[in-house]
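Some notes on the structure that comes next.
The values are calculated or read from the model by the stated rules, or taken from the named source; none is laboratory data. Keep in mind the model is a prediction, meaning the values are calculated, not measured. When we count neighbours, we look across all protein chains shown, and the Cβ atoms used for this are built from the backbone with ideal geometry, even at glycine.
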Amino acid sequence: MKIILLFFSFLVVSCAPVIRQANVERVVKALSDDKMQGRGNFEAGLKQASNFIANEFTQIGLQPLEKNIGFEQNFEVFGSQSVLGIVWINEIKLENEQYFFSSSAQKTELTKENTDFFYIKRGEDFRKKIAEMNMQMGVSKKAKAVFAHPSHQDIFKRYKNFYAQKSLSLETERPTLLFVLAEVDEIVDFNVELISKISKLPSNNVVGVLKGESKANEYVIFSGHYDHLGIISVQNEDSIANGADDDASGVTAVIELANYFKKQGNNERSIIFVAFAAEEIGGYGSQYFSKNLPAEQIVAMFNIEMIGKESKFGKKSAFITGFEKSDFGKILQRNLEGSGFQFLPDPYPDQNLFYRSDNATLAKLGVPAHTISSSQIDNDKLYHSVDDEFESLDRENITNIIQAIAQSAAGIISGKDTPTRIKE
C-alpha cells in the first residue's frame, strides 16, 4: 500500500505543470527581437508584438474578455499639440516663451469667468503645487491657469519642452491647462485664445481569460506592459530599444503563467492575463482597462515588470512594490515557505515604483495591486537604452521568478487567500 501511495504521489508531482526555461527563452527572445522594432507605441512593431501575444493566448486556449471580439482590447489615446496662442493678462500681451498650454479642443477661449487660477510663488515647491492642482481637476470642469514666479524658470522650461512634444490623454474633453511664467499678484484683465491640433491614436491591450469554477465573478490579474521606446537616437550604431527586460520579461511571465494555470485547470477564481500598451507614455492601457472591469470584483493584481536580472537580495528573490499597503506580500511569502525563494519589500522607496507602473491605476481604486520586480533600478545602466537586449538577460532568473509567482499565487487562485484592500 505504501509503495502504491508513493507511486501515486510521484505521478501527481510529475504531472504538475512546470515553467520551462526553454519556452521562457523562446517567448522573451521573440518579443525583444529587432523585428519588433522596439515595440514603440503607435508603431508597426507594437502591432507585431500584439499579434504574437494574441497567438500565444490562442495556442494556450484562453478566452477573450467579455465584450471583446478577440484578444485585442482596443482604445484610443487623444493627442493635443499646441499650434498658436494669444495671451493677454492685465492688458499686457505675453511673449511665446512666457507661456505654454494643453487643450483637448481645436480652439479655446479663456476668460476670468471660465478659468480657475493657481499661483506658485517664489520658494514654493513647483511639483507639489502642480500635484495639488491635479487633485482639483475632477472637482471643477473649468480651465486651469497656473502662474509661476520667474524664479521657477528652469523647471518651467522643462515642463514647456515636455508639453511641446504632445499632450496625451484618454479623455476627449478635459480642462484646458495654461502655464504662465510671470509675477502676477492680481488678475484684472484676462483674455486668451488658444489653437491646438487634435489627433486620435489607436492602440490596444491584449487580454485573455481563464474562467473560474466556483468564484467565476472574482478576478485575479497577471499583467505586464508590452510597449517600449521603439526607435531612439543612435548609440553604438544601434537605434532599436528592444526592451528585453523592460518589459518583455514581464509579458513572458504573463504568457507562461497563462500556460501554467490552463494546464492545472483547477482555478476557482477567474484569471485575467493582460499585456498593456502605452505604459511608457503614461499608463493609458491600464487606465482604459480599469474603466472596463468592476474594481470591487478584482481580488488581486500581480503586475510583473523587469524580472530579467538578479535582484539586489541575490538569487531566488524579487521584491514587491507597496508591500506595506496590503497583506498581498505576506500571503505570497507564506505560500513560498520551504521553497528557498523570497519575496521582499521594495528596497527603492525613493524611486516611487509603486506609482510608476500599471498596478497604480487599480491600486488607486482599492485593489491590492502590486508590481513584482527584480530590477536594480538605481544602477541599471541598460534601462531605456539600446543595450536592453535578450543577451543581457538572466533567463534562469526569469524562470525562477515565474515559478515562484505560480506557487505563491495558488491560495489566491483557489479562493483560499484574499488579500486586504488598499486604502483608496
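Here the range 149-183 is the region considered, the condition is being at pLDDT below 85 and of a type in the set (Gly, Ala, Ser), and the residue that is surrounded by the most Cβ atoms within 10 Å (Cβ to Cβ) is Ser167. With respect to the conditions (1) touching a Lys or Arg at 6+ places or on another chain (Cβ under 8 Å); (2) surrounded by 20 or more Cβ atoms within 10 Å (Cβ to Cβ), Ala409 lacks only one, and its number is (1). Considering Phe261, Phe222, the condition of being assigned by TED's automatic domain parsing to the domain that holds Ser32, in a strand (DSSP E or B) and at pLDDT 95 or above is satisfied by Phe222 alone. In this structure, Gly282 does not satisfy being buried (at least 24 other Cβ atoms within 10 Å of the Cβ), among the small types (Gly, Ala, Ser) and touching a strand residue (DSSP E or B) at 6+ places or on another chain (Cβ under 7 Å).
Are any of the residues in the range 193-201 out of contact with any Cys (no Cβ under 8 Å at 6 or more places or on another chain) and buried (at least 18 other Cβ atoms within 10 Å of the Cβ)?
Within the range 193-201, the subset out of contact with any Cys (no Cβ under 8 Å at 6 or more places or on another chain) is 193-201.
With the extra rule that they be buried (at least 18 other Cβ atoms within 10 Å of the Cβ), the set shrinks to 194, 196.
Yes, there is a match, as at least one residue in the range 193-201 is out of contact with any Cys (no Cβ under 8 Å at 6 or more places or on another chain) and buried (at least 18 other Cβ atoms within 10 Å of the Cβ).
Looking for something modelled with pLDDT of 95 or more, part of a strand (DSSP E or B) and farther than 30 Å from Ile405 by Cα - is there at least one such residue anywhere in the range 202-219? Yes: the range 202-219 contains one or more residues that are modelled with pLDDT of 95 or more, part of a strand (DSSP E or B) and farther than 30 Å from Ile405 by Cα. Elements of the type strands (runs of 3 or more DSSP E) sitting completely within the range 47-132 and holding at least 3 residues that are touching a residue at least 24 places away in the same chain (Cβ under 8 Å) and loosely packed, with under 15 Cβ neighbours inside 10 Å: these cover 72-89.
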